Amino acid sequence: MPVGSSEEETALSCVIRFIGGDALNTFSLSDLPLALGAFDLKGRSVGLVIVDEINGFATPGCGPLAPAGPDGCVERMISQTDRLARLFEKEGRPILLFLDSHEPGKLEPPYPPHCERGSGHEMLVPALAWLEKSDRARLVQKDCINGFIGAIDAETGRNAVIEWINDCRLAAVLVVGICTDICVMDFVLTLLSARNHGLIPSLADVVVYEPGCATYDLPRPTVDALGLPATATHPRELTHHMGLYLMASRGAILASTVLQF
Ligand SMILES: [Zn+2]
């Protein structure tokens, strides 16, 4: 039967109706339990990874993927990240920052144009701009969701994340940033696979610091009002939770506090 035939379309639409129907509404967040603990930096070689805390994602009004107005969740993420980064800087620990950064006019489907080079939207948020001058910080521009993939030099095949962790002989990385269920999650899941594949011998733990993460809120009524497809719906509490759950279920450690912090 050819792809897209009426019989296949009927089967697909049945699946969509089921997923979008009442069956899914019987689940609650407690069905996906999270266990968050304290992560102790003391005596360990730990690097901080800051994912995409840039204007285009975290400064109100800076493009289509930034908050429309003041956003308490994003502000919490930035303040927690700033405190962590200053601690890491003070203790001489390494920091790697991902900056989503696109060549103007080159799209990243399914998203609208964002964080184009030269727009300023690809720059760190003002509260973290001091890291651009830090000797401890390594800035990595990326043009895709997954920072691990974006860190691969297309010509040489060298991976800036692997080199950073190996150069610093890190036993653990502590990850913060935006969005919990998108760029943070894709990076963490891929890093776990790279670790398990033996690409990063020193790395034991991949830790996600929940107070330093945030995602965006796009409720169904807003999606409908904007004329977007229903799949653009992105309720913040649920997607933040699901991102944390999926990372933990694949082997990441979730932290709600960082000791010595
Ligand atoms: Zn992007």
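At a threshold of 8 angstrom on Cα-Cα distance, excluding pairs fewer than six apart, so keeping six or more, what relative contact order does the chain reach in percent? Value for the chain: 24 percent. Which residues among the range 223-261 fall inside the zone where the amide N is under 15 Å from a point 7 Å beyond the Cα of Lys90, along Cα→Cβ? Under cut-off, by backbone N: 258-261.
Using a Förster distance of 30 angstrom, determine the FRET efficiency expected from the C-beta separation of Ala232 and Ser79, and round it to 0.05. Efficiency, rounded to the nearest 0.05: 0.55. Taking 24 Å as the straight-line reach from the Cα of Lys106, the lysines in range (excluding those fewer than 8 positions away in the same chain) are Lys142. GNM remark for the chain: springs join alpha carbons under 10 Å apart, and the peak mean-square fluctuation among Leu246, Leu99, Leu174 falls on Leu246. Between the amide H of Ile253 and those of Val206, Val207, Val208, distances stay under 5 Å, these residues lying 5 or more places away or on another chain, with hydrogens modeled in the peptide plane. Taking a spot 7 Å from the Cα of Leu218 along the direction of its beta carbon, which residues of the range 66-85 have an amide N less than 19 Å from it? Once the point is set 7 Å along Cα→Cβ of Leu218, 66-74 turn out to lie under 19 Å by backbone N, inside the range 66-85. Taken over the range 33-259, the alpha-carbon convex hull comes to 126 cubic angstrom per residue.
Placing unit charges on C-beta atoms (Lys and Arg positive, Asp and Glu negative, everything else neutral), compute the dipole magnitude of the chain about its Cα centre in debye, rounded to 20.
Numbers: 20 positive and 32 negative charges, 188 e Å.
Dipole size: approximately 900 debye.
By other beta-carbon atoms within 10 Å, ranking Asp224, Asp135 with the fewest at the front produces Asp135, Asp224. Among Gly157, Ile145, Gly63, whose Cα sits farthest toward the positive end of the charge dipole of the range 27-159 (+1 at Cβ of Lys/Arg, -1 at Cβ of Asp/Glu, about the Cα centre)? Highest projection toward the positive end goes to Gly157. Between Pro229, Pro64, Pro112, the GNM of the chain built on Cα springs shorter than 10 angstrom shows Pro229 fluctuating the most. Would you look at the GNM of the chain, springs on alpha carbons closer than 10 Å, and say which of Gly69, Gly243, Gly177 moves the most? In this elastic network of the chain, the residue with the biggest mean-square fluctuation among Gly69, Gly243, Gly177 is Gly69.
For the chain, the share of DSSP beta bridges that are antiparallel, to the nearest 5, is 10%. For Lys133, the aspartates and glutamates whose Cα comes closer than 14 Å to its Cα, not counting residues fewer than 8 places off in the same chain, are Glu89.
Please give the length that would be gained between Ala68 and Ser202 if that part of the chain were fully extended, namely 0.36 nm times their separation in residues minus their C-alpha to C-alpha distance (nm, one decimal).
Values: separation 134, 0.36 × 134 = 48.24 nm, distance 4.14 nm.
Residue separation times 0.36 nm, minus the Cα-Cα distance, leaves 44.1 nm.
Computing FRET efficiency as 1/(1 + (r/R0)^6) for Ala127 and Leu36, where r is the C-beta to C-beta distance and R0 is 30 Å, gives about 0.80.
The alpha carbon centroids of the range 126-163 and the range 184-226 are separated by 16 Å.
In straight-distance terms, cross-link reach from Lys42 covers every one of the lysines whose alpha-carbon lies under 17 Å from its own, apart from those fewer than eight places away in the same chain; here that gives Lys90.
Computed from the coordinates by the stated procedures, all read-outs in this text should not be read as laboratory data. Computed from a prediction, not measured in an experiment: that's the story for all the values here. Note: ideal-geometry Cβ built from the backbone for every residue, glycine included; neighbour counts use all protein chains shown.
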